[in-house]
Amino acid sequence: MQEIEVIHSWSAPRSLSTSLMYSFAQRDDMEVLDEPLYANFLRVTGIDRPYREELLSTMESDGNKVVKDVIFGPGRKRYRYCKHIAKQRISGLPDDLLKKGKHIILIRNPLDILPSFDKVVPPSLQELGLTDLVLMYSDLCKLGKPPVIIDSADLRQDPEATLQSLCEDLDIPFQDKMLRWEAGPKPIDGLWAPWWYESIHKSTGFTPARKYPAPFPFSLYELLEQSLPFYNILRRHVRKTSSLLKTPLPEPDIPVPANKNLLAWVGDEIVTRDSAKVSVFDSVVQGGDAVWEGLRVYNGKIFKLEEHLDRLFDSAKALAFKNVPTREEIKQAIFRTLITNGMFDNSHIRLTLTRGKKVTSGMSPSFNLYGCTLIVLAEWKPPVYDNLHGITLVTATTRRNSPNHLDSKIHHNNLLNNILAKIEGNNANAGDAIMLDEHGYVSETNATNIFMVKKGRVLTPHADYCLPGITRATVMDLVVKENLVLEERRISLSEFHTADEVWTTGTMGELSPAVKIDGRIIGDGKVGPVTRRLQNAYKILTEDAGVPIPLE
């Protein structure tokens, strides 16, 4: 007999937990225990089962003794695998149950569990056990022992890769024999096996999932709604999630790591980043039917808040939105979101107002009977361009929308026109792409308005085919205040190629110098004096102007 290393596997019922137990039982270095805490659970809770009396008379029911003498008692092999059902971890059990050994949490989508769950036990949120698994995950993380989480869907889709990954996380060698076992009852089965293990006894390995699921029993729809959020909390921590993709994409880096845990406003509440979602019936999903604004926060103030709200309401009116939130309601949502996130400087807000949720899918706004959906997405975000050294621009073949087709003065979310131009810019490794109007004159870039300097005069295109940006208007005012000559007119592309200075303007990037356009060096290839002068004037303005974020 020797001291043994314990591997705890925690799951809810009908989660392939017995299959995983059979898999580990094939190893030559592993002892296996099937639900060693079951008798203690029945004794303490008084829950009835068809086999209750037989189980209590044949299995140790003192939880303390089970933990000390059965789970952590000496053994003949190096490892001991304990299959646990999460709800069997009840109060009064020794702390060693969590503090000692390694832990696995096995999950399964309740959408797959519920159609067959009530063959033995009537389904309920408690019986599903997902709430217990979330609590288990939280308690283990507090102890500094975050568990390995695997999804039964991955075991079915690719058992070998999933088991190899699991063994790697447990720091034990993978053995190929874990993929197969003989059909029929096993000596390691608990005495409850005749009630629960009929289908697993017919298996010889992890059986693939059915190509198409069984019809869902809609009498359990409310239970599904209750349980899915708990499943999704755990699924986010699965090392390899099930996916329609053959090769799951790696977890991407977030440009500003602090934004990983941000809180967003959606509808009428503040939610976590991963919970910030809109309905598939929302108009922004159905047709890009929404309007938006970008705002910046400087020194505890929101710059040009009222001007942005004016444009938001104008855009919503142009698109005939109904049941629009009031200006005060939108302000309160913005303030609450910023305050909750502690964002009082160097932050950007993406404010979106959709036409709202539809009662059925379709184009017609007559289906929008729930009112508008408000989204406040605040992020830590410095200016997105290199405003110190300048950026490169290229000219896109994609033309800017004409008012004959879709008026760019409506600040709408249907941005494919801009995105197609941005793709051209990305393909050329440029910061952005210049877009021409239908007559071949420069309109703006895919994301910003644009200015140029020639012989001391500041020029910018008419806002006939582009959004009359709020940062654009602010910079035009600053040009006048700095006693510079401002001219708003049609400007050809060659004029930008031969300009002395060029910059773009937008809330996201402020004033961004362009030092090269379509391979032509602008001026001497450095940020020019007029650009610097206006950047400084803009910086001074943003330090003091804006609507204060209320703290009381």
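Among residues other than Gly287 whose Cβ falls under 15 Å from its Cβ, what is the net charge (Lys/Arg +1, Asp/Glu -1)?
That works out to +1.
Rounded, prolate or oblate for the range 252-375? Axes are the square roots of the Cα gyration tensor eigenvalues, ordered a ≥ b ≥ c, and the cut-off for rounded is a/c under 1.5.
The shape class here is oblate.
What is the extension gain from Glu60 to Ala183, computed as 0.36 nm multiplied by their sequence separation minus the C-alpha to C-alpha distance, in nm to one decimal?
Separation in residues times 0.36 nm, less the Cα-Cα distance, equals 41.5 nm.
Using the alpha-carbon centroid of each, what span in Å lies between the range 425-464 and the range 332-350?
Value for the Cα centre distance between the two parts: 31 Å.
Using a Förster distance of 51 angstrom, determine the FRET efficiency expected from the C-beta separation of Asp69 and Gln226, and round it to 0.05.
0.85
Under a 1.4 Å probe, what is the accessible area of the chain per residue, stated in Å²?
Spelled out: the 1.4 Å probe surface of the chain, per residue, equals 49 Å².
What are the semi-axes of the equivalent ellipsoid of the range 104-201, taken as the square roots of 5 times the eigenvalues of the Cα gyration tensor, listed largest first and rounded to whole Å?
Working through the eigenvalues yields semi-axes of 24, 22, 13 Å.
Computed over the Cα atoms, what is the radius of gyration of the chain divided by 2.2 N^0.38 Å, N being its residue count?
Normalised Cα radius of gyration, the chain: 1.28.
May I ask you to derive the relative contact order of the range 270-368, considering only C-alpha pairs under 8 Å and at least 6 residues apart, and to give it as an integer percent?
Taking the mean separation of contacting Cα pairs over the length of the range 270-368, I get 45 percent.
Cα centroids of the range 173-194 and the range 355-404: how far apart, whole angstrom?
First find each Cα centre; the distance between them is then 54 Å.
Mind checking the log10 I(q)/I(0) for the range 435-552 at q = 0.11, 0.13, 0.15, 0.17 Å⁻¹? Debye, one equal scatterer per Cα, no solvent, two decimals.
Taken in order of the listed q values, log10 I(q)/I(0) reads -0.35, -0.48, -0.63, -0.80.
Heavy atoms only, probe 1.4 Å: what % of the accessible area of the range 1-78 goes to carbon and sulfur, would you let me know?
43 percent
Quick check on the range 36-139: take the gyration tensor over C-alpha atoms, sort the square-rooted eigenvalues as a ≥ b ≥ c, and tell me if it's rounded (a/c under 1.5), prolate or oblate.
oblate
Let me check I've understood the local charge: for Ser402, count other residues with C-beta under 10 angstrom from its C-beta, Lys and Arg +1, Asp and Glu -1. What total comes out?
-2
Calculate what fraction, in whole %, of the accessible area of the range 126-231 sits on carbon and sulfur atoms when a 1.4 Å probe is rolled over the protein chains.
56 percent
Just to be sure I understand: of the beta bridges DSSP finds with both ends in the chain, what percent are antiparallel, rounded to 5?
That works out to approximately 60 percent antiparallel.
How much length is gained if the chain between Arg457 and Leu369 is pulled fully straight, taking 0.36 nm per residue apart and subtracting their Cα-Cα distance, in nm to one decimal?
26.5 nm is the gain from fully extending Arg457 to Leu369.
Quote the FRET efficiency, to the nearest 0.05, computed for Arg532 versus Leu406 with a Förster distance R0 of 56 Å and r equal to the Cβ-Cβ distance.
E between Arg532 and Leu406, to the nearest 0.05, is 0.95.
What fraction of the DSSP beta bridges in the range 1-84 is antiparallel, stated in percent and rounded to the nearest 5?
10 percent
So how far apart, in nm, are the two label points at Val256 and Leu125 if each is 7 Å from Cα heading toward Cβ?
Each label point is offset 7 Å from its Cα along the Cβ direction, giving 3.6 nm.
So if R0 is 45 Å, what FRET efficiency would Asp314 and Tyr212 give, r being the distance between their Cβ atoms, rounded to the nearest 0.05?
After rounding to 0.05, the efficiency reads 0.40.
Would you tally the net charge around Thr58, using a Cβ to Cβ cut-off of less than 15 Å, leaving Thr58 out, and scoring K and R as +1, D and E as -1?
Spelling it out: positives minus negatives among the neighbours equals -3.
Students often get this wrong, so check it: of Lys100/Lys145; Lys211/Lys357; Lys322/Lys358; Lys516/Lys539; Lys331/Lys358; Lys260/Lys381, which have C-alpha atoms separated by over 20 Å?
Flagged as over cut-off: Lys211/Lys357; Lys516/Lys539; Lys331/Lys358.
Of Leu436, Gly205, Val6, whose Cα points farthest to the positive end of the dipole of the chain (charges on the beta-carbon: +1 Lys, Arg; -1 Asp, Glu; origin at the Cα centre)?
Leu436
The values are calculated or read from the model by the stated rules, or taken from the named source; none is laboratory data. These figures come from a predicted structure and were not determined experimentally. As a convention, Cβ positions derive from the backbone with ideal geometry for all residues, glycine included, and neighbour counts pool all protein chains shown. For the accessible areas, the whole protein counts, side chains as well, though only heavy atoms, and no ligand, DNA or RNA atoms are used. Shrake-Rupley method; radii C 1.70, N 1.55, O 1.52, S 1.80 Å.
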